[in-house]
Structure formats: C-alpha cells, structure tokens
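The values are calculated or read from the model by the stated rules, or taken from the named source; none is laboratory data. Computed from a predicted model, the values in this text were never measured in an experiment. Neighbour counts run over all protein chains shown; Cβ positions are idealised from the backbone, glycine included.
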Amino acid sequence: MTHDPIKVYDARWEVDDFDDAQVTRLFEATLAYGRLLGVDTVTFTRDARLGGPRVMELGIREALRMGFRVVACADPISTPQGYFVTLRTTARHPNTMGLVVTASHNPAQYVGVKFTVPTVRAIGLDCGPLGGLTKVREIYHSDERFAAQRGGEFYLLSHPTDEYVEYSLEAAGVKPGTLAGMTVVLDAFNGSAGAEIWHALDRAGARVLPLRWVPDGNFPTGSPNPTSQGKMRPAVELAGRENADVVLGVDGDGDRVVFGDRRGILSAGFVTVPILRALIEEGEVTRGAPVLYDPKVNPLALADWGKLGVAPLLFRNGHSQIKQYMTQVGAAAGAEESGHYYHRLRYQGLTISGENSILTVLLFLKAVKESPGLMDALWADQEQVFTTGEFNYQFSDDSVRDRALETAIRRFTADGATARSATDDGIDLEGTVVNRGVALAPGRVALDERWYSGYFRVATNEKGVVRSYLSTGDAVFGRELERLTRDLMEREFHGQVVD
C-alpha cells in the first residue's frame, strides 16, 4: 500500500479512495495499536454520513475477529455524544478505545474515523501514547498481520441520548424550565446532532425552531459547515421573522457550534466570554487559569478574556492536539474560532478534556437568559472588529497550493506584518499567523491604526486547499485585504472557491 487514510487529527477519505480491504486494514492496525496499550474494549459510534454504516460494520467485524469486547450504537449520533458513550463505557471497562465514524463538516462523499485511547484521550499524528496515529500508520504499512482470537463480545447500546442529555444539563447547572421564555433557532445542517440538542433545549424549557434537523447524509444543501460564509443565512432570517433570542448552527457531526441572532453570527472569541463567566461562577475555571485559543480568535476578544482573570494561551488548531495540551497545562476550557469549544468533563470519578456541544450551548443560553442585555453587549464588542470568516480555495495540486500560500504570506510581511508559525514554547501552529499593529497581554490589548490579524494554513483533510482568515478594526480596510488575497488566489494561481 503506497498511501493511507490517516491525516493529522484523524482518518479521513473520500468513499471511493479505499476499498473494504484497505479500510479493514486500517481497523486492524488501529486495534493492534490498542492492544499495545492494553485495550480490551472498543466503542463504535457514527454520525449520519452515508459512508458511515459500511465503515462501522467493517470495524466491528474486525474488532470481534481480533477478540475485543465491542460496545456499539447503531443510530447516528454526534461526535461529542460518541465521546460520552466511550466515557460511560470506560467507567465500567477502564481499558476502552473509542472509534467514531465521521467526516465532520466535509462534503457528503467523505468518511473517516476519530480515535480515542484510555482515558478518552484523542490521538493524532505524533499525538498520543507511542506516537498515536503515527504508530497506527506504521502498523498499517507493515507486513505484520494479526490472527483471529477468541473472546470477542458484542453489546448493542440503545438510547444513550437520554443519559447524555441529562448529564449535560447537570454539568451546565441547567434545570428543567430554566430557559423558559426563550426562543432558539437550531440549524443542524441535516447532521446527527439536531435531535439531541433539541431534546436538551426542550427539557430546559426553550421554544426551539428547527431547520435541517432530520439526519440526511446526502447533505442536500451542501457541506454541513455552519462557519462557511452565507450558510447560516436561513437561520438568521428565521430568527428575524420570529423574534428569536438566539440562533444556533451545528456541523455534520455536532462538534462545531456557532451562535448569533437576527443580526448575524457572533465570533467564537466573543461567545466564549459569557461561557467563561459561567464556568468561573461554577468554579470550573479559576483566576489565572490557562484557557486555550487558536490563531484566529481576534485580539479584542482575548482582551475580554483577560479581564475575567484567565490567562489566554495560544495553541494550534486540531482537536487531538488541543485536548492533549489542555490536559498537559491544566486548562479547563478552550475555543477555536471555527466553532469548537473544549471543556474539562467529569463523569463517575473520571476527568477528561473534550467536547460537549450541549454543555456549550446550555452555558451560553443560560447566560443570555440571566443577562437580558448580553446579546447587545456582545454585538457592541463584535462591531468593533471586522472578520472575513474562513474563505477557502482549492488548487490544481499541492505544489500550486503551497506557492499560493507562500506568496500570500510574503505580501503581508512586505506590508510590515510579523509572521509566526510556532507558540512561545515552540509548538508548530500548523499554519502562519500574521499580525500588524497588535500588542497583546493578559487583561489589555494595544492596537495601532489599521491593525490586522490573520491565519493561513493548508487543509489537512482535503486535497490542494488553502484556508484563510483575517480580522481588523476597519471594515473598509478589511474588505480590501480580503479582496487582495482573493485576487491573488484566483487570478495568479487559479484557485477555486470551496466550502
């Protein structure tokens, strides 16, 4: 085999790229890696993606052949609920590996797997015990094969959503009826998270107006990514007609969430402010505690974090790496501008770093309910900052992609911007941060006239794609920066806009 489906954070591939034998080999290598760690139990869950059932069935078959105890949920559920299934299974069987079949926000033709090892620890390339997915890749390409073993057991898990919802409500400190009187628009993009979030909000007393909430792996309105430009317009328009308090959007597997109202969608950096305040009130976040942020969170939002007494800590994008670093530095929370929020989660004496989108949503909505002027305050903050949102271009091949990216960064540094590709402790940011006129310290921010901040990287799970993001304090200036960047991508390198 000359190639494999393993990426930086997980495994991801187009359905036709690998046949059943190659997918089975991926699971064989994964389970062999798990055995090196003492794993004896494997959970399998999946989202609504069309390619998911076949991939999950191949994985279950291989796990049983190799003698593992298998706990599986056949119904499509979100990735965060999949992690919860692994967490509750771990409480009974400590040596549990979790395999979630998903391709997140990617187009319908993609499928993949996200991996955790004991104790619900996400792994990636060079991330996790024995190198994580680097070790899996090594086994995948080796000549070693693994004989069948006796002892395989299969358990079908039914109705985990009810327990997941109740757990999330309790973790958020939200009781039945707490959100009574609120109207929330929920756009699930035909992914797997709509029903479970609806149940949580209904239990909390909110009136929910659902859009695209029936799981449909065809994703009839395009890639299930609420952060793509224009994707949340139907939900925002519905909020205006119905005078809804909050708009929510979740991606295909439910681990990416956006928040807004009739005025549009808020930046994740500003959304995090009331979430942090709620966590501080609950005692989950203490003064001086590190809170992770990714390179796209805007400087004004980080200043607001600092005013709450927390210590914003820059880190790279990537679910596996962020969660590992959270545990390493003792962070209780983290946020990515792409709509990923991370928490310290506790269950029956176990503590992990992970995602729980219901918890994130409930903490935010509770803050809005308790502070009627909160949305206006967040919008007042956001209106001080212009952001482009993530805009993405696909090129004819990776070499053209790389030249386009290098040229864009050179244009910014020639304009006086600094370019940074690593954290203060030397960890690769997996992209380049460009800043001009930004001086940031905990609790304060100094911005020069016509400042800007940007982040540019290659996509890890799609071929030939550059992802770009810019923010600044001047909308006219920001649109000009975006126009110049788009012109470079389109005219000089013939890139095509993609979700």
Practice item. Count, please, the residues in segment 182-219 that happen to be touching a residue at least 24 places away in the same chain (Cβ under 8 Å), on the phi < 0 side of the Ramachandran plot and within 22 Å of the chain's Cα centre (by Cα). Key: 23
Practice item. Please work out which one of (1) over 29 Å from D17 (Cα atoms); (2) out of contact with any strand residue (DSSP E or B) (no Cβ under 7 Å at 6 or more places or on another chain) is the condition A439 fails and give its number. Key: (2)
Study note, to complete from the structure: From the option list G349, G334, single residue qualifying as touching a Leu at 6+ places or on another chain (Cβ under 6 Å), of a type outside the set (A, V, I, L, M) and under 23 Å from L87 (Cα atoms) is G334
Exercise for review: State the number of residues belonging to segment 461-481 that are buried (at least 18 other Cβ atoms within 10 Å of the Cβ) and under 24 Å from N106 (Cβ atoms).
Suggested key: 9
Practice item. State all residues of segment 459-499 that are assigned to a strand (DSSP E or B) and either free of Cβ contacts under 8 Å to residues at least 60 places away in the same chain or over 19 Å from D294 (Cα atoms) (or both); if no residue qualifies, say none. Key: V465, Q496, V497, V498
**Study point:** Top-ranked residue in segment 158-181 [being more than 25 Å from the chain's Cα centre (by Cα) and among the hydrophobic types (A, V, I, L, M, F, W, C); ranked as farthest from C73 (Cα to Cα)]
**Key:** A180
Check your understanding: Of all the residues that make up segment 441-452, how many are under 22 Å from P290 (Cα atoms) and either buried (at least 18 other Cβ atoms within 10 Å of the Cβ) or acidic (D, E) (or both)?
Key -> 1
Check your understanding: Looking at segment 133-164, which of its residues are assigned to a helix (DSSP H, G or I) and either over 20 Å from A32 (Cβ atoms) or among the β-branched types (V, I, T) (or both)?
Key -> T134, V136, I139, P160, T161, D162, E163, Y164
Review point. Which condition breaks for V291 when tested against (1) buried (at least 23 other Cβ atoms within 10 Å of the Cβ); (2) within 22 Å of A367 (Cα to Cα); (3) touching a residue at least 60 places away in the same chain (Cβ under 8 Å)?
Key: (3)
Check your understanding: For segment 349-373, what are the residues that are surrounded by 21 or more Cβ atoms within 10 Å (Cβ to Cβ), in a strand (DSSP E or B) and in contact with a Ser or Thr (Cβ under 8 Å, 6 or more places away or on another chain)?
Key -> I352, S353
Review point. Going by the conditions given, is D126 in the same structural domain as K114 (by TED's automatic domain parsing), acidic (D, E) and either surrounded by fewer than 18 Cβ atoms within 10 Å (Cβ to Cβ) or over 20 Å from A72 (Cα atoms) (or both)?
Key: yes
Review point. R346 passes all but one of (1) surrounded by fewer than 23 Cβ atoms within 10 Å (Cβ to Cβ); (2) part of a loop (DSSP other than H, G, I, E, B); which number fails?
Key: (2)
Review point. So is D16 surrounded by fewer than 17 Cβ atoms within 10 Å (Cβ to Cβ) and of a type outside the set (K, R) or not?
Key: yes
Point to revise | Selected residue [in contact (Cβ under 8 Å) with a residue 40 or more places away in the chain and touching a His at 6+ places or on another chain (Cβ under 9 Å)] from L378, L350, L440, L359 | key: L359
Review point. Are there any strands (runs of 3 or more DSSP E) wholly within segment 219-337 with 3 or more residues that are closer than 30 Å to P129 by Cα and modelled with pLDDT of 95 or more, and if so which?
Key: 333-336
Review point. So which of T387, T360 ends up being of a type in the set (S, T, Y) and closer than 21 Å to T286 by Cβ?
Key: T360
Check your understanding: From the list F391, F364, which one is under 21 Å from T227 (Cβ atoms), outside the structural domain of M489 (by TED's automatic domain parsing) and in contact (Cβ under 8 Å) with a residue 12 or more places away in the chain?
Key -> F364
Exercise for review: Could you tell me which of the residues T30, T24, T45, T86 is closer than 22 Å to G132 by Cα and either part of a strand (DSSP E or B) or at pLDDT below 95 (or both)?
Suggested key: T45
Practice item. Give the residue that is farthest from Q81 (Cα to Cα), with candidates limited to residues of segment 254-276 that are of a type in the set (K, R) and either under 14 Å from the mean Cα position of the chain (by Cα) or surrounded by 19 or more Cβ atoms within 10 Å (Cβ to Cβ) (or both). Key: R262
